[in-house]
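For reference, the structure is listed below as structure tokens.
The values are calculated or read from the model by the stated rules, or taken from the named source; none is laboratory data. The structure presented is a predicted model; accordingly, all values stated were derived computationally and were not measured. Backbone-built Cβ (ideal geometry, glycine too); neighbour counts: all protein chains shown.
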């Protein structure tokens, strides 16, 4: 009788020990999972937005910049990744800076490397005023088509990235001018419909 009771007690203890190990294993897995979730939620470890060598996306936003095609018969776009911009003004300024920096692929510049943006602002009616230095006119290759490509690349770059912009007024050295290089009248702001009609 005693030996039967002792055998039952031993069996009960061994079952309890096995379940204890199983329970400990489950708690260990759950604890590890919770720790992983907390680290990734709070920004610890590698984020999917981090710039690293595995090809993950760089944090920021994409801008679309328009240059001339290699044959200079149309405009082609290039994407540029830049830090996030909080305002329309910041996105527009960054877009113009990328246009001024020139293409990274097979495209062709529409403004020369000597061109600088002196001032830029957007009024309450959606008109962007872009004030270039004299180089935009002095270094221009000339010809009506090249002039058209230059103006369209400026406008499409701004309008692609800043929907708030409806019109663009080109200024040179702070003044309104008749033309950029002798062909297209730019005394007044050019609007979206003008860009669409020049394709």
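Per-structure values
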{"read-out": "Subset of region 94-114 (residues that are assigned to a helix (DSSP H, G or I) and in contact with a helix residue (DSSP H, G or I) (Cβ under 6 Å, 6 or more places away or on another chain))", "value": "95, 99"}
{"read-out": "Selection within region 56-93 - touching a strand residue (DSSP E or B) at 6+ places or on another chain (Cβ under 9 Å) and in a helix (DSSP H, G or I)", "value": "88, 89, 91, 92, 93"}
{"read-out": "Test: residue 181 is assigned by TED's automatic domain parsing to the domain that holds residue 87, surrounded by 17 or more Cβ atoms within 10 Å (Cβ to Cβ) and either in contact with a helix residue (DSSP H, G or I) (Cβ under 8 Å, 6 or more places away or on another chain) or closer than 17 Å to residue 89 by Cα (or both)", "value": "yes"}
{"read-out": "Any hit, region 135-151, residues being more than 24 Å from residue 70 (Cα to Cα) and loosely packed, with under 15 Cβ neighbours inside 10 Å", "value": "no"}
